[in-house]
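I'd like to ask you about the structure that follows.
The values are calculated or read from the model by the stated rules, or taken from the named source; none is laboratory data. Since the model is a prediction, treat every value here as computed from it, not as a measurement. Every residue, glycine among them, receives a Cβ derived from its backbone with ideal geometry; neighbour counts consider all protein chains shown.
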Amino acid sequence: MARNLTFSIFRYNPQDPISVPHTDTFVLDETNHMTLFIALNRIREEQDPGLQFDFCCRAGICGACAMVVNGRPGLACHTKTKDLPDAITLMPLPFFTLVGDLSVDTGTWFRNMAQRVRSWVHTDKDFDPKALEERMDNAVAEEIYELERCIECGCCVAACGTAIMRPDFLGAAGLNRLARFVLDPRDKRTEQDYFDIVGNDQGIFGCMGLLACEDVCPKHLPLQDQLGMLRWKMGWAGIMNLLPWKRK
Amino acid sequence: MQTFQTDLLCIGAGLAGERVAIEAAAAGFDVTCLSLVPARRSHSSAAQGGMQAALGNCAMGEGDSPDVHFEDTVKGSDWGCDQEVARLFCDNAPIAMRQLAAWGVPWNRVVPGKSTYFKGGKLFEKEEKQEKEGLITARAFGGTAKWRTCYTSDGTGHTVLYTMDNRAVQLGVAVHDKIEALSLIHDGENCLGAVVRCLKTGELRVYLARVTLIATGGFGRIYRESTNAVINDGGGLIIALDTGVVPLGNMEAVQFHPTGIVPTDILVTEGCRGDGGTLLDKNEHRFMPDYEPDKAELASRDVVSRWMTHHMRQGLGVPSPYGDHLWLDIRHLGCHHLATKLREVDEICKNFLGIDPAVNLIPVRPTQHYSMGGVRTDKDGLAYGLKGLFSAGEAACWDMHGFNRLGGNSLAETVVAGMIVGAKVVEYLRNHQVSYPTGLIRDFAAQQQDRTKRLISKADGKENVFTVRNAMYDALMHGAGIFRNAKDLEACVQTLQEVHERANKIGLRSNGRGANPELALALRLPGMVRLALCVAQGALQRTESRGSHAREDYPERNDRDWLVRTLATWQPGAPLPTLNYEPVSQVWSIPPGERGYGGGKIIPAETKE
């Protein structure tokens, strides 16, 4: 028997002076293989053309459609309605600036993060178009890829206890990004260089270890391991800083 | 109205846009990229397979060279490509891949020693050489003579895009995201920038630039069923076409993939069929051997797509709330095979359909996949018709793909073209100055302001934007899909003209305030219908079958009359595009020959009198 699904959706348009935050209810008949991507598009086309939400690749690759589904941050594109009760509550991701309804601005935050962790390979080598590529061990390449799989959906920071209290916290996504460069032999930064970026409460020492980030990560990244590794390394670098003769 | 000024304005911040941006920023120019979404969400990120470049590092790639790559590319294009451009591309691809390695892409590398691989469901052994250890390796792709496709696991597009964006951040390239371009600003000779709408606030803005680049990707979303991201609605092509002077090349060349899943049109790999998967109809009858007794499901992409469509038109599709589809059966391959060799398919079925492919049939249908057509440029990436306007990537018809694109050549094109076009943009910036006439800019901005107001106040009519869009979908899929013939195309063109009139009479049902999505679609839809008309009209006039363009009533490839590229322009207020033609290539390294698959007769060029 097809179910009737009731969607309770957060509504607010900050650009509209008469808009106030509230919840709207929409009812849909469930169809086979229905995902929240299909449901939300049907609601927009059949019931409320002004409803704001974001999808891009709709295939779990780009991270655009993160939202809070029945209390839990996740990707709407691969959330199937058949795995949910017939009452579904959708809220925008917290932490990020609200654009309207279920749409938030993740782009500004993540670009700022990339600038803060100086998210590029630091090297003094110039690229020589006539030379062979520098060799790399395949196992190392695959390890880097494992950390680079982050899609910047924002679920981890939205679920983070520290981020709620500290808006300038780098979050698991930022710390994971730095860990990716720590691992990369092409990046010539020293441990002290990394410490200068994340050796503080906005970085690795702000993490309370609640680990909701890893629980909600839709790509199942090993965030817990990375946070542990960074904290250990940065802890040592911090101790070295306390010893005056070890300081650079 | 906010006005920004920059040297280079890149409309689109995917791989092609950012690669050009990086070249200009590295040369010291001020660069701003506009993007519908944060740069890292661009559709470039979705490419899993890899990038073709003749490095020849891996055992199965031994003896490869840009010459072999060139031959594959020209054959793949069904001799519809610009051979000078294909040559430029193949020669530069290895440099571009090595540069990406230097910038941080974690390419998979050669691991010496023996290993096994599958081909056509059979097991083979190969041995990688010790002296190649650690160099960039490659995998096999359809239509290539050698293993040539560089990759990072199943996330090539993702890692390359992230590396590219890192480089852009490093060089201080500004990316303004959640921005949509509504029109180019031009005086009929020079392109001067764009009028845009901010998708955070709904406000209009003006960007003035000495060079404007269109790199907005494909326009697959004019079709209902497309593997493209939902942002791939042809925005960049629309603003180029609307100038009335910039032509779009080969819009009728549209590639379809046989197995998009229903309802969300995510691809499941050709590997399913390669490993022994079969296609079934509503009676669970395996129909491909009826049409292709020898190759059955293993016939080429376009051939399988055509038979699937034909079969559904016979009323043998499976009805569903999302339209008819067919079944892909991989149940017999067994849990172990699915969990190891087809892991990605297993995950897609479970994550997006909630079914287990070891037990359940997979609903599939042929799905629009790639647009070979786009803003026609010369080999430098400079658009025809306007000075200071460039284009690169899938949005461009640079034209190395001709009428069918090889897998692994599209992702590589974004970066290689970006590198080559970027250098030309820098040259252009060094040698050209412009002046910005304020009256002209005000007129272009006022025009968009007026459109917005009329939509909100329903001044032109009360047509529902979604109903009109669905009418475009229906017309296009029926007439200008995989199979084409004069009767259906004529009907399609006629219907689309009616749809176009309706698209100009849309009235919003919502209030249109702020980042309103209904307004965004209403502003875009008339242009999308014009693109659809370029596809349909181009397909109707092209009375031959070449590459992905298959005419039932003209099954032969006609080199005598059609070794030409279609150029479509749109005069303001006209009901149809104006079609002109140019030779596909000025330089011929390889004369037209057999494509190697798909059969079909060829009418040779020599028969021309």
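Being away from every other protein chain (no Cβ under 14 Å) and of a type in the set (Ser, Thr, Tyr) is the filter here; which residues of segment B:260-309 pass it?
Once the filter is applied, which keeps residues that are away from every other protein chain (no Cβ under 14 Å) and of a type in the set (Ser, Thr, Tyr), segment B:260-309 yields B:Thr278, B:Tyr291, B:Ser300, B:Ser305, B:Thr309.
Same structure again: Tell me which strands (runs of 3 or more DSSP E) are completely within segment A:16-100 and hold 1 or more residues being under 23 Å from the mean Cα position of the chain (by Cα), or say none if there are none.
Details: elements: A:22-29, A:66-69, A:72-75, A:87-91, A:97-100.
Answer list for segment A:16-100: A:66-69, A:72-75, A:87-91, A:97-100.
Right, another one. Considering only residues that are surrounded by 19 or more Cβ atoms within 10 Å (Cβ to Cβ) and basic (Lys, Arg), which ones fall in segment A:83-117?
A:Arg111
May I pose another question? Failed condition for A:Phe10, given (1) more than 23 Å from B:Ala522 (Cα to Cα); (2) surrounded by 15 or more Cβ atoms within 10 Å (Cβ to Cβ); (3) within 11 Å of another protein chain (Cβ to nearest Cβ), with all others met?
Only one criterion is unmet by A:Phe10, namely (3).
Also: Would you check if there is a residue in segment A:171-184 being under 30 Å from A:Pro49 (Cβ atoms), touching a helix residue (DSSP H, G or I) at 6+ places or on another chain (Cβ under 8 Å) and not β-branched (Val, Ile, Thr)?
no
Within segment B:106-122, can one find any residue that is away from every other protein chain (no Cβ under 14 Å), touching a His at 6+ places or on another chain (Cβ under 7 Å) and not in a strand (DSSP E or B)? Steps first, please.
Of segment B:106-122, the ones away from every other protein chain (no Cβ under 14 Å) are B:114, B:116-122.
Retained after the next criterion (residues that are touching a His at 6+ places or on another chain (Cβ under 7 Å)): none.
No, segment B:106-122 has no match at all.
Mind listing just one residue for me: the one in segment B:294-327 that is β-branched (Val, Ile, Thr) and under 17 Å from B:His257 (Cβ atoms) and, of those, surrounded by the fewest Cβ atoms within 10 Å (Cβ to Cβ)? Can you show your working first?
Quick first cut of segment B:294-327, residues β-branched (Val, Ile, Thr) only: B:303-304, B:309, B:318.
Now restrict to residues that are under 17 Å from B:His257 (Cβ atoms): B:303-304, B:309.
On the way: B:Val303: 20, B:Val304: 26, B:Thr309: 22.
My answer is B:Val303.
If you don't mind, there's one more thing I want to ask. If you scan segment A:114-141, which residues turn out to be aliphatic (A, V, I, L, M) and either touching a Pro at 6+ places or on another chain (Cβ under 8 Å) or under 10 Å from B:Ala102 (Cα atoms) (or both)?
Matches in segment A:114-141: A:Val121, A:Met136, A:Val140, A:Ala141.
Among the residues of segment B:271-302, which ones are of a type outside the set (A, V, I, L, M), outside any loop (DSSP other than H, G, I, E, B) and farther than 26 Å from B:Ser77 by Cβ?
Quick first cut of segment B:271-302, residues of a type outside the set (A, V, I, L, M) only: B:271-278, B:281-287, B:289-295, B:297, B:300-302.
Now restrict to residues that are outside any loop (DSSP other than H, G, I, E, B): B:271-274, B:278, B:286, B:289-291, B:297, B:301-302.
Passing the criteria: B:Cys272, B:Thr278, B:Arg286, B:Pro289, B:Asp290.
Of everything in segment A:56-77 that's surrounded by fewer than 24 Cβ atoms within 10 Å (Cβ to Cβ), in contact with a Phe, Trp or Tyr (Cβ under 9 Å, 6 or more places away or on another chain) and closer than 26 Å to B:Val262 by Cβ, which residue is farthest from the other protein chains (Cβ to nearest Cβ)?
The qualifying residue farthest from the other protein chains (Cβ to nearest Cβ) is A:Ala76.
Follow-up question, since we're still on this one. Contact list please: Cβ distance under 8 Å, first residue in segment B:139-151 and under 23 Å from A:Glu148 (Cβ atoms) and aromatic (Phe, Trp, Tyr), second residue modelled with pLDDT of 90 or more and part of a strand (DSSP E or B), pairs at least six apart or on different chains.
B:Phe141/B:Gln52; B:Phe141/B:Thr149; B:Tyr151/B:Met51; B:Tyr151/B:Arg139
Yes/no per residue for (1) surrounded by 20 or more Cβ atoms within 10 Å (Cβ to Cβ); (2) of a type in the set (A, V, I, L, M, F, W, C):
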{"residue": "B:Gly479", "(1), (2)": "yes, no"}
{"residue": "B:Lys487", "(1), (2)": "no, no"}
{"residue": "B:Glu490", "(1), (2)": "no, no"}
{"residue": "B:Gln494", "(1), (2)": "no, no"}
{"residue": "B:His500", "(1), (2)": "yes, no"}
{"residue": "B:Arg509", "(1), (2)": "no, no"}
{"residue": "B:Leu519", "(1), (2)": "yes, yes"}
{"residue": "B:Leu525", "(1), (2)": "yes, yes"}
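Of everything in segment B:421-453 that's among the β-branched types (Val, Ile, Thr) and surrounded by fewer than 24 Cβ atoms within 10 Å (Cβ to Cβ), which residue is farthest from B:Asp380 (Cα to Cα)?
Step one: list which residues in segment B:421-453 are among the β-branched types (Val, Ile, Thr), which gives B:421, B:425-426, B:434, B:438, B:441, B:452.
With surrounded by fewer than 24 Cβ atoms within 10 Å (Cβ to Cβ) added as a condition, the list becomes B:426, B:434, B:438, B:441, B:452.
Values: B:Val426: 11, B:Val434: 20, B:Thr438: 30, B:Ile441: 28, B:Thr452: 36 Å.
For segment B:421-453, the residue satisfying everything is B:Thr452.
Does segment B:143-181 hold any residues that are at pLDDT below 95 and of a type in the set (A, V, I, L, M, F, W, C), and which are they?
B:Ala145, B:Trp147 - these are the residues of segment B:143-181 that are at pLDDT below 95 and of a type in the set (A, V, I, L, M, F, W, C).
Every residue, every condition in (1) free of Cβ contacts under 8 Å to residues at least 24 places away in the same chain; (2) at negative phi, yes or no:
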position	(1), (2)
A:Leu28	no, yes
A:Ile43	no, yes
A:Gln47	yes, yes
A:Gln52	no, yes
A:Gly63	no, no
A:Asp86	no, yes
A:Leu90	no, yes
A:Pro94	no, yes
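Right, here's the next one. Please go through segment B:148-197 and pick out each residue that is more than 9 Å from chain A (Cβ to nearest Cβ), of a type in the set (Ser, Thr, Tyr) and either in a loop (DSSP other than H, G, I, E, B) or closer than 22 Å to B:Arg40 by Cα (or both).
B:Tyr151, B:Thr156
Those residues that are closer than 22 Å to B:Val426 by Cα, buried (at least 24 other Cβ atoms within 10 Å of the Cβ) and more than 9 Å from every other protein chain (Cβ to nearest Cβ), I need them from segment B:26-58; list them, please.
Scanning segment B:26-58 gives B:Val31, B:Cys33, B:Leu34.
Check whether at least one residue in segment B:285-300 is touching a His at 6+ places or on another chain (Cβ under 7 Å) and either under 22 Å from B:Tyr223 (Cβ atoms) or of a type in the set (D, E, K, R) (or both), and report yes or no. Step through it out loud before you land on a result.
We begin by selecting, within segment B:285-300, every residue touching a His at 6+ places or on another chain (Cβ under 7 Å); these are B:287.
Next, only the ones that are either under 22 Å from B:Tyr223 (Cβ atoms) or of a type in the set (D, E, K, R) (or both) stay: none.
No; the residues of segment B:285-300 include none that is touching a His at 6+ places or on another chain (Cβ under 7 Å) and either under 22 Å from B:Tyr223 (Cβ atoms) or of a type in the set (D, E, K, R) (or both).
Identify, please: which residue in segment B:79-116 is of a type in the set (D, E, K, R) and crowded, with 23+ Cβ neighbours inside 10 Å and is, among those, farthest from the chain's Cα centre (by Cα)? It would help to see each step written out before you state the result.
Start the filter on segment B:79-116 by keeping residues that are of a type in the set (D, E, K, R), which leaves B:82, B:84, B:87, B:91, B:98, B:109, B:114.
Retained after the next criterion (residues that are crowded, with 23+ Cβ neighbours inside 10 Å): B:82, B:98, B:109.
On the way: B:Asp82: 17, B:Arg98: 24, B:Arg109: 28 Å.
The extreme case among them is B:Arg109.
How many residues are hydroxyl-bearing (Ser, Thr, Tyr) and within 12 Å of chain B (Cβ to nearest Cβ) if we restrict to segment A:143-186? Outline the logic, then answer.
First pass over segment A:143-186, keeping only residues hydroxyl-bearing (Ser, Thr, Tyr): A:145, A:162.
Then drop every residue that is not within 12 Å of chain B (Cβ to nearest Cβ), which leaves A:145.
Result for segment A:143-186: 1.
Can I ask one more? Taking the condition under 25 Å from A:Ala59 (Cβ atoms), away from chain A (no Cβ under 14 Å), over 17 Å from the mean Cα position of the chain (by Cα) and surrounded by fewer than 24 Cβ atoms within 10 Å (Cβ to Cβ), does B:Ala145 pass? Can you show your working first?
Working: under 25 Å from A:Ala59 (Cβ atoms): no; away from chain A (no Cβ under 14 Å): yes; over 17 Å from the mean Cα position of the chain (by Cα): yes; surrounded by fewer than 24 Cβ atoms within 10 Å (Cβ to Cβ): yes.
In short, no.
Given the structure, is A:Asp126 at negative phi, surrounded by fewer than 21 Cβ atoms within 10 Å (Cβ to Cβ) and facing chain B (nearest Cβ under 7 Å)?
Values: at negative phi: yes; surrounded by fewer than 21 Cβ atoms within 10 Å (Cβ to Cβ): yes; facing chain B (nearest Cβ under 7 Å): no.
Answer is no for this residue.
In contact (Cβ under 8 Å) with a residue 12 or more places away in the chain, hydrophobic (A, V, I, L, M, F, W, C), in contact with a helix residue (DSSP H, G or I) (Cβ under 6 Å, 6 or more places away or on another chain) and closer than 24 Å to A:Thr108 by Cα: is that true of A:Phe10 in this structure? Before you say what the answer is, go through the steps one by one.
Numbers: in contact (Cβ under 8 Å) with a residue 12 or more places away in the chain: yes; hydrophobic (A, V, I, L, M, F, W, C): yes; in contact with a helix residue (DSSP H, G or I) (Cβ under 6 Å, 6 or more places away or on another chain): no; closer than 24 Å to A:Thr108 by Cα: yes.
The answer is no for A:Phe10.
Take the residues in segment A:126-153 that are touching a residue at least 24 places away in the same chain (Cβ under 8 Å) and in a loop (DSSP other than H, G, I, E, B), then tell me which one is farthest from B:Asn108 (Cα to Cα). Walk me through it before giving the result.
From segment A:126-153, those touching a residue at least 24 places away in the same chain (Cβ under 8 Å) are A:134, A:136, A:140, A:143-144, A:146-153; that's our starting set.
Restricting the remaining residues to those that are in a loop (DSSP other than H, G, I, E, B) gives A:134, A:136, A:149-153.
Details: A:Glu134: 13, A:Met136: 9, A:Arg149: 14, A:Cys150: 18, A:Ile151: 20, A:Glu152: 23, A:Cys153: 25 Å.
If we take residues in segment A:126-153 being touching a residue at least 24 places away in the same chain (Cβ under 8 Å) and in a loop (DSSP other than H, G, I, E, B), then A:Cys153 is farthest from B:Asn108 (Cα to Cα).
Specify the residue that is surrounded by the fewest Cβ atoms within 10 Å (Cβ to Cβ); the eligible residues are those in segment B:459-477 that are away from chain A (no Cβ under 13 Å) and part of a helix (DSSP H, G or I).
B:Asp474
Which of the residues spanning segment B:290-312 are of a type in the set (A, V, I, L, M, F, W, C) and within 14 Å of B:Gly143 (Cβ to Cβ)? Steps first, please.
Here is the first cut: in segment B:290-312, the ones of a type in the set (A, V, I, L, M, F, W, C) are B:296, B:298-299, B:303-304, B:307-308, B:312.
Scanning segment B:290-312 gives B:Leu298, B:Ala299, B:Val303.
Scanning for something under 20 Å from B:Asp474 (Cβ atoms) and of a type in the set (A, V, I, L, M), does segment B:291-312 turn up at least one residue?
Within segment B:291-312 (the criterion being under 20 Å from B:Asp474 (Cβ atoms) and of a type in the set (A, V, I, L, M)), the answer is yes, since at least one residue qualifies.
Across segment B:551-573, which residue is surrounded by the fewest Cβ atoms within 10 Å (Cβ to Cβ) among those that are under 18 Å from the mean Cα position of the chain (by Cα) and farther than 30 Å from B:Leu204 by Cα? Steps first, please.
Here is the first cut: in segment B:551-573, the residues under 18 Å from the mean Cα position of the chain (by Cα) are B:565-568.
Subsequent filtering for residues that are farther than 30 Å from B:Leu204 by Cα retains B:565-567.
On the way: B:Arg565: 24, B:Thr566: 27, B:Leu567: 22.
Per the stated criteria, the residue is B:Leu567.
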